[in-house]
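The values are calculated or read from the model by the stated rules, or taken from the named source; none is laboratory data. This one's a predicted model, so the numbers in the text were calculated from it and none came from an experiment. No Cβ is skipped: glycine too gets one built from the backbone with ideal geometry, and neighbour counts run over all protein chains shown.
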Amino acid sequence: MTDTATTIPADPVMFRRSFAGLPECVADAREFLADCLAGTAWPIDEVVLAADELVTNAVRHSRSGGPGGKFDVRLRIKPACMVQVEICDQGPLPSPTAAAPEYRCEGGLGLPIVKALSDEDGEYTDRLTGFHITWFRILQRPAAAAAQGACTPEGQTTS
């Protein structure tokens, strides 16, 4: 009898799509991410909500929201380890800061929401393109990781 085991791919699965920098394209970005994550064990609602906040910031607070502007959404899934979303806008405008939110004002809660929903987040400017990139990462929860194989700090899976 041959012992067969399901092998979890070590390489990440990646998806990328460009969108026009229009407010109505924020919904298209949400739908893109939900479609990519459909059928997975990842928390789709949390991923989509956090990404929605970053996409909205890209459209409202960067050159992506100007005439002819665009933004990219990149999704990286490392099975049994993590999901990472990057929003690439056409900066460089000053990025919003995660100052103390004012709950009676409209806006200003996007980055605190991303921080609350994700395990890691950050931003940087791509030196080659000048694009401003904001990202977040959600790590596999211990119970789910144990069911699918453990994840080492380097993001590699083990059985």
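Could you tell me whether residue 29 is at pLDDT 95 or above and either of a type in the set (A, V, I, L, M) or closer than 14 Å to residue 87 by Cα (or both)?
Working: at pLDDT 95 or above: yes; either of a type in the set (A, V, I, L, M) or closer than 14 Å to residue 87 by Cα (or both): yes.
Considered against the rule, which asks whether it is at pLDDT 95 or above and either of a type in the set (A, V, I, L, M) or closer than 14 Å to residue 87 by Cα (or both), residue 29 comes out as yes.
Could we say that residue 34 is modelled with pLDDT under 95, among the small types (Gly, Ala, Ser) and over 15 Å from residue 131 (Cα atoms) here?
On the way: modelled with pLDDT under 95: no; among the small types (Gly, Ala, Ser): yes; over 15 Å from residue 131 (Cα atoms): yes.
So residue 34 does not fit the description; no.
If you go through region 77-99, how many residues are basic (Lys, Arg) and at pLDDT 95 or above?
At the first step, the residues of region 77-99 found to be basic (Lys, Arg) are 78.
Remaining after also requiring at pLDDT 95 or above: none.
Counting residues in region 77-99 that are basic (Lys, Arg) and at pLDDT 95 or above gives 0.
Do you know which residues across region 119-141 are under 13 Å from the mean Cα position of the chain (by Cα) and under 18 Å from residue 89 (Cβ atoms)? Show your work before the answer.
Of all residues in region 119-141, those under 13 Å from the mean Cα position of the chain (by Cα) come to 119-123, 133-139.
Of everything in region 119-141, those that are under 13 Å from the mean Cα position of the chain (by Cα) and under 18 Å from residue 89 (Cβ atoms) turn out to be 121, 122, 123, 133, 134, 135, 136.
Which residue pairs have Cβ atoms closer than 9 Å, lie 6 or more positions apart in sequence or on different chains, and pair a first residue in region 64-84 that is touching a residue at least 60 places away in the same chain (Cβ under 8 Å) and under 16 Å from residue 24 (Cβ atoms) with a second residue that is surrounded by 19 or more Cβ atoms within 10 Å (Cβ to Cβ) and aliphatic (A, V, I, L, M)?
Going by the 9 Å Cβ cut-off, there are no qualifying pairs.
Counting just the residues of region 100-121 that are under 15 Å from residue 58 (Cβ atoms) and not aliphatic (A, V, I, L, M), which one comes out modelled with the lowest pLDDT?
For region 100-121, the residue satisfying everything is 107.
Could you check residue 20 against (1) out of contact with any strand residue (DSSP E or B) (no Cβ under 7 Å at 6 or more places or on another chain); (2) aliphatic (A, V, I, L, M); (3) surrounded by fewer than 16 Cβ atoms within 10 Å (Cβ to Cβ) and say which number it fails?
Residue 20 satisfies every listed condition except (1).
Among the candidates 73, 55, 48, which residue alone is crowded, with 21+ Cβ neighbours inside 10 Å, under 19 Å from residue 13 (Cα atoms) and either touching a Lys or Arg at 6+ places or on another chain (Cβ under 8 Å) or modelled with pLDDT of 95 or more (or both)? First the steps, then the outcome.
On the way: 55 fails: under 19 Å from residue 13 (Cα atoms); 48 fails: crowded, with 21+ Cβ neighbours inside 10 Å.
Every option except 73 fails the conditions.
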